[in-house]
1. When the residues of region 80-112 are narrowed to those that are among the aliphatic types (A, V, I, L, M) and without any contact (Cβ under 8 Å) to a residue 60 or more places away in the chain, which ends up least open to solvent (accessible area, probe 1.4 Å)?
2. Answer yes or no as to whether Pro237 is surrounded by 16 or more Cβ atoms within 10 Å (Cβ to Cβ), under 25 Å from Arg34 (Cβ atoms) and modelled with pLDDT of 95 or more.
3. Condition test on Glu77, is it open to solvent by 40 Å² or more (accessible area, probe 1.4 Å) and either assigned to a helix (DSSP H, G or I) or touching a Cys at 6+ places or on another chain (Cβ under 7 Å) (or both)?
4. Against the conditions (1) open to solvent by 50 Å² or more (accessible area, probe 1.4 Å); (2) of a type outside the set (S, T, N, Q); (3) more than 14 Å from ligand 1 (Cβ to nearest atom); (4) touching a residue at least 60 places away in the same chain (Cβ under 8 Å), where does Leu120 fall short? Just the number, please.
5. What is the one condition in (1) within 28 Å of Trp102 (Cβ to Cβ); (2) surrounded by 14 or more Cβ atoms within 10 Å (Cβ to Cβ) that Thr50 does not satisfy?
6. Could you list, ordered by first residue, the pairs with Cβ atoms under 6 Å in which the first is in region 204-229 and more than 14 Å from Ser185 (Cβ to Cβ) and touching a residue at least 24 places away in the same chain (Cβ under 8 Å) and the second is of a type in the set (D, E, K, R) and open to solvent by less than 40 Å² (accessible area, probe 1.4 Å), at least 6 apart or interchain?
7. Identify the single condition in (1) farther than 22 Å from Lys123 by Cα; (2) within 13 Å of ligand 1 (Cβ to nearest atom); (3) surrounded by fewer than 18 Cβ atoms within 10 Å (Cβ to Cβ) that Thr11 does not satisfy, given that it satisfies every other one.
Amino acid sequence: MNKTVCITGATAGFGAACSRLFAEKGWRLILTGRRTERLENLQEELHNSTVHIITMDVRNRTQVSDAFSSLPESFREIDVLVNNAGLALGMKPAHETDLEDWEIMVDTNIKGLMYCTRALLPKMVKNDQGHIINIGSVAGNWPYPGGNTYGATKSFVKQFSANLRCDLLGTKVRVTNIEPGLAESEFSIVRFKGDEDKAKTVYEGTDPLTPEDLADIIYWVATLPGRINVNSLEVMPTCQAWGPFAIHRRTND
Ligand code: NDP
Ligand code: 8X3
């Protein structure tokens, strides 16, 4: 195995599980995140693998371009980019929400994903091989109360992924949008700004997807024969489905 995967947001959840699985399968890894200590711990844990860690905030365009333009020689040929770094902040209705939270989600989930993609894509096209795996969400496909800007950022990821496919037609570069539903990670702790009890209630009585489930799916998509491009893959836990349309009924008083 002589392949290299770059995973953004490797310090927790899906990204950390993906790192472990790709490492187990013998891939070379470029792992990014803001929390250096977690990256260092993961690198130590995966000591049998070749791992390059990058502390960077995907919202910082200069950090992203500098990090990817100064990769060590042996990490310059990247086969798969997993654009996983992302977050939701809050679940308040749009008219009560904090505009700052909206900006952070846009800057991370949209602009950060664009910066990483734009930094690595030219080389993939030049090499005529590569795979961009974006982590979208069911929230990009289906509306729900409080999903406002988070869902909209994931709709961007969905359409951006499909548009990339159009631009890349004629090359062997693949693009996939993975669209998970309820999955237990640090996602809800971040969404509720450190309120672990509130985060726990999201998963109470459910059997949610796990980060390892997502890692299996991402690895499967990444290792399909090159002629196959999974455009999008929506996946929910069995305990999740859609509700009926909500209808507000006036009362007489
Ligand atoms: P976690 O909170 O467990 O992990 C998120 C990762 O993103 C962390 O490694 C974090 O690293 C990184 N990250 C966040 N902001 C930044 C930033 N500005 N710069 C760099 N890295 C950043 O969540 P999940 O693993 O659940 O989420 C991974 C992806 O999956 C996200 O895009 C999320 O939207 C999506 N998703 C999650 C679902 C769920 O139910 N869990 C369902 C559908 C989609 P650090 O803080 O160290 O920077
Ligand atoms: C995460 C899934 O339903 O919380 O993207 O938006 S959801």
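1. Let us first name the residues in region 80-112 that are among the aliphatic types (A, V, I, L, M), namely 80-82, 85, 87-89, 91, 94, 99, 104-106, 110.
Now restrict to residues that are without any contact (Cβ under 8 Å) to a residue 60 or more places away in the chain: 94, 99, 104-106, 110.
On the way: Ala94: 53, Leu99: 113, Ile104: 38, Met105: 3, Val106: 52, Ile110: 28 Å².
Ranking the candidates gives Met105 first.
2. Values: surrounded by 16 or more Cβ atoms within 10 Å (Cβ to Cβ): yes; under 25 Å from Arg34 (Cβ atoms): no; modelled with pLDDT of 95 or more: yes.
It is false that Pro237 is surrounded by 16 or more Cβ atoms within 10 Å (Cβ to Cβ), under 25 Å from Arg34 (Cβ atoms) and modelled with pLDDT of 95 or more.
3. Numbers: open to solvent by 40 Å² or more (accessible area, probe 1.4 Å): yes; either assigned to a helix (DSSP H, G or I) or touching a Cys at 6+ places or on another chain (Cβ under 7 Å) (or both): no.
Criteria not met by Glu77.
4. (1)
5. Every condition holds for Thr50 apart from (1).
6. If the second residue must be of a type in the set (D, E, K, R) and open to solvent by less than 40 Å² (accessible area, probe 1.4 Å), the pairs left are Asn229/Arg174.
7. Answer for Thr11: the failing condition is (3).
The values are calculated or read from the model by the stated rules, or taken from the named source; none is laboratory data. Here the structure is a predicted model, which means the values were calculated and not measured. So basically every Cβ, Gly included, is an ideal-geometry build from the backbone, and we count neighbours across all protein chains shown. Heavy atoms of the whole protein, side chains included, go into the accessibility calculation; ligands, DNA and RNA do not. Shrake-Rupley method; radii C 1.70, N 1.55, O 1.52, S 1.80 Å.
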